[in-house]
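Undergrad: So that we are looking at the same thing, I have put the structure below in structure tokens.
Each value in this text was obtained by applying a stated rule to the coordinates, not by laboratory testing. All values derive from a computational prediction rather than experimental measurement. Cβ placement follows ideal geometry from the backbone for every residue including glycine, while neighbour counts extend to all protein chains displayed.
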Amino acid sequence: MNRNQKISLAWLSSAGIPADTLQHLLAEEPDPEQLLARFRREGERPFREEIPQSALRLLTNHAEKGMLETWGRMIDRFDINAVTCTEDPYPSRLRGMPEAPAILFYQGTLSALDQPTVSMVGSRNASTKGTEACRKIAEELSRNGIAVISGLAYGIDAAAHQGCLKGKSPTIAVLGCGLDQEYPADHAGLRRQIIERGGLVLSEYTPGEKPLGWHFPWRNRIISGLGDCLAVMEARIRSGSMTTVQHALNQGKDIFVYPGEPGSLRSEGNHQLLREGAIYFTCAADLMEDMNWLDKTAEVEQNTVLRAEDRPDASPAEKQVLLALDRGELSFDQLCEKLNMNAALLSATLSMMQISGLIRALPGKRYEKIQG
Amino acid sequence: MSEAMAQVLSFGVSGVSGFPVQVEVFSTGGIPGMEIIGLPDASVRESRERVNAAILNSGREMPPRRITINLAPADTRKEGPSFDLPIAVGLLAANGQIQLRQGLNLSRTVLFGELGLDGRIQPVNGALAIVISASECGLTDVILPAGNALEVACVQGMNIYPVHHLREVMDHLEGTSPIPPQAQMSYEELQRRRMPAVDLSQVKGQQGARRALEVAAAGGHNMLMIGSPGSGKTMLARCLPGILPPLSFQESLETTRIFSIAGKLEPGSGLMVERPFCAPHHSASVASLIGGGANARPGEVSLAHNGVLFLDELPEFNRAALESLRQPLEDGVVTVTRVRHQAQYQSSFMLIAGMNPCPCGYYGSRQRECRCSPQEIRRYLDQVSGPLLDRIDIQVEVDSVPMEEIRSAEPAESSATVAGRVAAAREIQRNRYRGTGIYCNAQMDNAGIRTWCELSPEAETMLDTAFRRMNLSMRAYHRVIKVARTIADLAGSPRIGMMEIAEAIQYRELDHKYWG
């Protein structure tokens, strides 16, 4: 697709024309540049029947040179590509999906979607445990050749992308704003990594479109639509993740739910979904087994739990700590009491173990073993 | 008798020191009345009425004469009710109402005190500052309110005559029943009566935080405690004065003097033997922390001189108020300047700060779930400025102890045991820094670190690895070494080893966790 075509698509997508109308238009005339040329030549006449008045006005306003040039500059600067539903590279999973976007803008490569995919969703304000689990599962999936799709937000989204990047598969981010927007600003680095590692960042919004609140629940249908199944990591009852689940159900996807902590507000949604019959999973292998993906890879590569005896180089104090942490995280005081070790020695030991990568410090002066 | 004149010596207070004031009383015939001149403030001017009533109620008369009272030097402002007593004595002398006993020299005897209408004498602020200044002027005899007597009991070489009533003063001056001078008290005796307000043995669990507190006390390091509400940050901070080395006599004089001026001394208390613990609320203004007001009063930083300044809820403090702490933290002294007054107050204190890990307070807590988003947490932590954090060597997380652990825990170490170890470590430091002008590890600058902090080769390698692996900031580097020096001093070892560095790294929580 050439530059002018991309600019024409930006123009076409900017007026808020309903997706099915756009599909008709593009089915009649697949070349957007021709559509723009015709609009300029013949005015509104060829479009009149289908398009609402307000959208026509916007199309007229946006067809002026300055506006088109702005889009041109954004497309060059941010290396934005576009694809329409009439073209071949358009993601096959979105074909036939209700309310599928007719035009998609993207950075990176669409071939990132040419493998099994899992959409992972969850709270922006997630627990440490939840984000850690998400990172771990995404990494396992990625190692087994499965791409992870999420929304580049804080919390679970970021963990899903980061986990996937640790493995070998590409990861896909679906944004709720134009691709020129740096949102969230903190994730500029993560976004760059996603693209560098053969991944994909896509959006149905025209470049220049701001990250408005209502964009996000709406773009969630693309997140669930692009995945072969949906994995819910941590969801409150009223949350964006639960709207994604609704979309996924409408699209006929399987819903996998990670069991959260009972009684925690953060995973109330998880438990509701599990009661309603969602599929329970705690690791990548669970999910792959139920999706019948196991035959694709000879053996599931899993993280193994590190045991104290696997560390012959550890000092006696370090071995004691590893042993105590075998059954999960402990706080400094609990360790102190359990091991009957004085605070000075324990402090020093914990530092050394953090440095050598045996344990990790959690907020609240708690410590846990690093897996694998 | 037509004209008469009397002179009495008293002292005023400016900043932390007293200055001599001559109270001159001139009595003459003419239209009866009384005028006080020499820049008196309202409370001094009102003393006219108190003195009048007190004299009548002490069985003497006020003849109807024209009286002028001058407080010299006439160009310095005089404030407070402490001139009541010298004015009353001056009046009595000028009107011939008392016959001074032979050999008594009123110009060599310092008098001050507030009078009640019935003639009773009330304690005043700044008594210690006055007595010390008087002693520096070579004066030895002081007549002062009995309520101020204990506070000055330790000043060497003074004859202190504590008085309760104006009648006692008159009897003493006339020689009918002289008051014996107060027995001098030794500072050591006062100190033996010392009782820490909160003992460390009352703190259950909290092994990590206790240890951090010990290290902070041993090296004089400022400390930041991060923990959920109710995790015991305030309790731990309150224990600190009890494990610091006892106040020396000099330190006690300095601190008591500031308390005396600020009027914060408990009535009837003597020299302070306990290190002060000041915990201003987070709504505190710059003036209340640093000092100020029309007459440049000392602020919390000076009240905490030689003691502990505890700022709970650090991020809630006004930004300007926190920034104003930087200079006293650096110099140990503040200069408060106002239009009419300028005063310099000592302010060398240990800063202990407390804060929640996030706006709701439960980030990382085992008790309750945190509801804050990562951005909210970052915004909250960013309230505390980098420059202030730069002056805090130890940052430690305080674990919130569940109820069942509090009950089951065996009795913990007492303050006295910990204080012993701290004193030993301080002794090592005093010997090391003899003649350099500093006295504890926290005061070491970067040149000092190169001179006094020898790291073993393993320790050096480990520090470098730690900085790479744990993303510690560069500003943390020197702090880790300083704290490691203190840990080595506590262990009595001259060289800093691997274990010391490893432990010191644990006291940089904010660097490698919250502050990303």
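Undergrad: Let a ≥ b ≥ c be the square roots of the eigenvalues of the Cα gyration tensor of region A:33-113; is it rounded (a/c under 1.5), or, if not, prolate (a/b larger than b/c) or oblate?
TA: oblate
Undergrad: Follow-up. Where does helix A:32-42 land angle-wise versus the long Cα axis of chain A, in degrees 0 to 90, nearest 10?
TA: Taking the Cα atoms of chain A, the angle to A:32-42 is about 30 degrees.
Undergrad: Scan region A:1-54 for GluC sites (Glu not before Pro) in coil per DSSP, keeping those whose Cβ has at most 13 other Cβ atoms within 10 Å, and list them by number.
TA: Taking region A:1-54 and a limit of 13 other Cβ atoms within 10 Å, the loop GluC sites (Glu not before Pro) found are A:Glu44, A:Glu49.
Undergrad: Now for a separate question. Projected area of region B:192-415, taken from the Cα convex hull and averaged over every viewing direction, in nm²?
TA: Here the figure is 13.4 nm², rounded to one decimal.
Undergrad: Can you give me the convex hull volume of the Cα atoms of chain B, divided per residue and expressed in Å³?
TA: In chain B, the Cα convex hull volume per residue is 169 Å³.
Undergrad: On to the next question. Under a point spin-label approximation (7 Å from Cα along Cα-to-Cβ), what is the B:Ile179-B:Glu454 distance to one decimal in nm?
TA: According to this spin-label approximation, the distance is 6.1 nm.
Undergrad: I need the peptides B:215-222, B:103-110, B:500-507 ranked by packing, meaning the mean over residues of other C-beta atoms within 10 angstrom, with the highest value on top.
TA: B:500-507, B:215-222, B:103-110
Undergrad: Counting only C-alpha contacts under 8 Å and six or more residues apart, can you give the relative contact order of chain A as a whole percent? All intermediate terms of the calculation are to be shown ahead of the outcome.
TA: Numbers: 651 pairs, mean separation 46.5, N = 372.
Relative contact order comes out at 12 percent.
Undergrad: Right, something else. Calculate the mean, over all residues of peptide B:160-172, of how many other protein chain Cβ atoms lie within 10 angstrom of the residue's Cβ.
TA: Across the residues of B:160-172, the mean count of other-chain Cβ atoms within 10 Å is 0.
Undergrad: Once the convex hull of the C-alpha atoms of region A:110-296 is built, how many Å³ does it hold per residue, rounded to a whole number?
TA: 103 Å³
Undergrad: Mind running the shape call on region A:308-369? Use the C-alpha gyration tensor, a ≥ b ≥ c as the square roots of the eigenvalues: rounded below 1.5 for a/c, prolate if a/b tops b/c, oblate otherwise.
TA: rounded
Undergrad: Rounded to the nearest 0.05, what FRET efficiency do B:Ala72 and B:Arg475 have when you use their Cβ-Cβ distance and R0 = 60 Å? Show your work: numbers first, answer last.
TA: Values: r = 55 Å, r/R0 = 0.92.
Result of the calculation: an efficiency of 0.65.
Undergrad: Against the 2.2 N^0.38 Å scaling, with N counting residues, where does region A:1-159 land? I'd like the Cα-based Rg ratio to two decimal places.
TA: 1.27
Undergrad: How about region B:311-348: which trypsin sites (Lys or Arg not before Pro) there are in a DSSP loop, with at most 12 other Cβ atoms within 10 Å of their Cβ? If you can, show how the numbers build up before the last one.
TA: Details: sites: B:Arg319, B:Arg326, B:Arg338, B:Arg340; in loops: B:Arg338, B:Arg340.
Qualifying residues, ordered by number: B:Arg340.
Undergrad: Hey, another quick one. Just name one of B:Gly291, B:Ala129, A:Ile355: the one whose Cα is farthest towards the positive end of the charge dipole of the protein assembly as shown (beta-carbon charges, Lys/Arg +1, Asp/Glu -1).
TA: Comparing the listed Cα positions along the dipole, B:Ala129 ranks first.
Undergrad: Kindly state, as a whole number, the per residue volume in cubic angstrom of the convex hull around the alpha carbon atoms of region B:1-56.
TA: Enclosed volume per residue, from the Cα hull, is 112 Å³.
Undergrad: How crowded by other chains is A:124-133, given as the mean number of beta carbons from other chains within 10 Å of each beta carbon?
TA: Per residue, the number of nearby Cβ atoms from other chains is 2 on average.
Undergrad: Using just the helices of the protein assembly as shown, give the 222 nm mean residue ellipticity in deg cm²/dmol: DSSP H runs with n ≥ 4 each add -39,500 (n - 2.57), and the total is spread over all residues, rounded to 500.
TA: -11500 deg cm²/dmol
Undergrad: From other protein chains only, count the Cβ atoms within 10 Å of every residue's Cβ in A:263-271, then give the mean. All intermediate terms of the calculation are to be shown ahead of the outcome.
TA: Values: counts 1, 1, 2, 3, 0, 0, 0, 0, 0.
Mean inter-chain Cβ contacts per residue within 10 Å come to 1.
Undergrad: Using DSSP to call loops (not H, G, I, E or B), can you name the GluC sites (Glu not before Pro) in region B:51-135 whose Cβ has at most 15 other Cβ atoms within 10 angstrom?
TA: In loop regions of region B:51-135 (DSSP not H, G, I, E or B), the sparsely surrounded GluC sites (Glu not before Pro) are B:Glu61.
Undergrad: Considering region B:44-100, what Rg and Dmax in Å follow from its alpha-carbon atoms?
TA: In Å, with Rg to one decimal and Dmax whole: 11.7, 35.
Undergrad: Still on this structure, I have one more. For the ranges A:170-183, A:149-162, what's the packing order if you count other beta-carbon atoms within 10 Å of each residue, average per peptide, and put the highest first?
TA: Going from most to least packed, we get A:149-162, A:170-183.
Undergrad: In straight Cα distance, which lysines are under 22 Å from A:Lys253, not counting same-chain residues fewer than 8 positions off?
TA: Here the lysines satisfying the reach criterion relative to A:Lys253 are A:Lys296.
Undergrad: Please give the FRET efficiency for B:Phe19 paired with B:Gln102, using the beta carbon to beta carbon distance and R0 = 35 Å, rounded to the nearest 0.05.
TA: Values: r = 30 Å, r/R0 = 0.86.
The pair B:Phe19/B:Gln102 has a calculated efficiency of 0.70.
Undergrad: So, one more: Note the full-extension length gain between B:Ser283 and B:Arg495 as 0.36 nm times their separation in residues minus their Cα-Cα distance, in nm to one decimal.
TA: Contour length minus the Cα-Cα distance gives 71.9 nm.
Undergrad: Output the 0 to 90 degree angle, nearest 10, between the alpha-carbon long axis of helix A:19-28 and the longest principal axis computed from the alpha carbons of chain A.
TA: So the inclination is approximately 50 degrees.
Undergrad: Using the reciprocal of the averaged 1/r over all distinct C-alpha pairs, how large is the Kirkwood radius of the protein assembly as shown in Å?
TA: Radius from the Kirkwood sum: 33.3 Å.
Undergrad: List the relative contact order of region B:444-516 as a percent without decimals, with contacts defined as Cα pairs under 8 Å and 6+ residues apart.
TA: 41 percent
Undergrad: Past 27 Å, Cα to Cα: identify those pairs from A:Lys319/B:Lys233; A:Lys168/A:Lys369; A:Lys129/A:Lys319, in the order given.
TA: A:Lys319/B:Lys233
Undergrad: Please report, in Å, the Rg and the Dmax of chain A, where both are computed over Cα atoms only.
TA: Calculated on Cα positions, Rg and Dmax stand at 24.3, 86 Å.
Undergrad: Tell me, in nm to one decimal, what length is gained between B:Arg338 and B:Ala53 on full extension, where the rule is 0.36 nm per residue of separation less the Cα-Cα distance?
TA: 99.0 nm
Undergrad: If one takes the longest principal axis of the Cα atoms in chain A, at what angle in degrees, from 0 to 90 and to the nearest 10, does the Cα axis of helix A:53-62 lie?
TA: Taking Cα atoms only, the helix is inclined about 90 degrees.
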